[in-house]
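Before any comments, here is the structure.
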Amino acid sequence: MQLQPKQIHTQPDPYAPFLLSQAIQLGNLVFVSGQAAIGDDGEIVGKGDFDRQAEQAFKNLDRVLRAAGTGLGSVVKVTIFLTSMANFPKIVELRRQWFSAPYPADTIVEVSGLYSPDAMLEIEAIAVAPGDAR
């Protein structure tokens, strides 16, 4: 039997103008697009404030995982893109706040820029959803 991808939506979906899926579920796996500090209005939350942006990005990640019927406790892999590795120590604390043991596998990458010059981080994830793997 061929697995069929299922698009995961949130309401509102501030990512719709970018022609991408918040997440795609294939079997038990949920592949979450990079979640940035985008508010419901489609604008960056906390311009110039890494802490506010990180809080919003993790909230967005949690929201899309819930829309897929899973949650942060089911995340097995994250990739976090930072515009400055100076914020790396804060990421360690955020992982402690938003995830629990066993912590997901993680890659942290410094990039010269993200989709907006105001974006300071972006988080993508792979999670396991409950249910039948077909």
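The values are calculated or read from the model by the stated rules, or taken from the named source; none is laboratory data. Only a predicted model underlies this, so the values are computations on that prediction, with no experimental measurement involved. As a convention, Cβ positions derive from the backbone with ideal geometry for all residues, glycine included, and neighbour counts pool all protein chains shown. Areas reflect the complete protein model, heavy atoms only, side chains present, ligands, DNA and RNA absent. Shrake-Rupley method; radii C 1.70, N 1.55, O 1.52, S 1.80 Å.
Here are a few things to note about the model shown:
- Of the residues making up the range 73-87, those that are part of a strand (DSSP E or B) and within 10 Å of Val111 (Cβ to Cβ) are Phe81, Leu82.
- The lone criterion from (1) open to solvent by 20 Å² or more (accessible area, probe 1.4 Å); (2) in contact with a Lys or Arg (Cβ under 8 Å, 6 or more places away or on another chain); (3) over 21 Å from Val45 (Cβ atoms) left unmet by Asp118 is number (3).
- Per-region count, the range 4-24, residues at pLDDT below 85 and either in contact with a strand residue (DSSP E or B) (Cβ under 8 Å, 6 or more places away or on another chain) or among the small types (Gly, Ala, Ser) (or both): 3
- Test: residue in the range 124-131 that is out of contact with any strand residue (DSSP E or B) (no Cβ under 8 Å at 6 or more places or on another chain), closer than 30 Å to Gln2 by Cα and open to solvent by less than 70 Å² (accessible area, probe 1.4 Å): yes
- Within the range 110-134, the only residue that satisfies the criterion of being more than 21 Å from Gln22 (Cβ to Cβ) and part of a strand (DSSP E or B) is Glu110.
- Pairs linking a residue in the range 103-129 that is in contact (Cβ under 8 Å) with a residue 12 or more places away in the chain to a residue that is open to solvent by 30 Å² or more (accessible area, probe 1.4 Å) and part of a loop (DSSP other than H, G, I, E, B), with Cβ atoms under 6 Å and 6 or more positions apart or on different chains, are Asp118/Lys47; Met120/Thr83; Glu122/Leu114; Val128/Asn28; Ala129/Asn28; Ala129/Gly69.
- Residues located in the range 37-75, provided they are of a type in the set (A, V, I, L, M) and either open to solvent by less than 20 Å² (accessible area, probe 1.4 Å) or under 17 Å from Ala125 (Cβ atoms) (or both): Ala37, Ile38, Ala54, Ala57, Leu61, Val64, Leu65, Ala67, Ala68, Leu72, Val75
- Of all residues in the range 45-66, none satisfies being assigned to a loop (DSSP other than H, G, I, E, B) and under 12 Å from Ala129 (Cβ atoms).
- The conditions of being of a type in the set (Ser, Thr, Tyr) and touching a Leu at 6+ places or on another chain (Cβ under 7 Å) are met by Thr83.
- Taking the range 1-36 as the range and being open to solvent by less than 40 Å² (accessible area, probe 1.4 Å), outside any loop (DSSP other than H, G, I, E, B) and of a type outside the set (A, V, I, L, M, F, W, C) as the test, the residues that pass are Gln25, Ser33, Gly34, Gln35.
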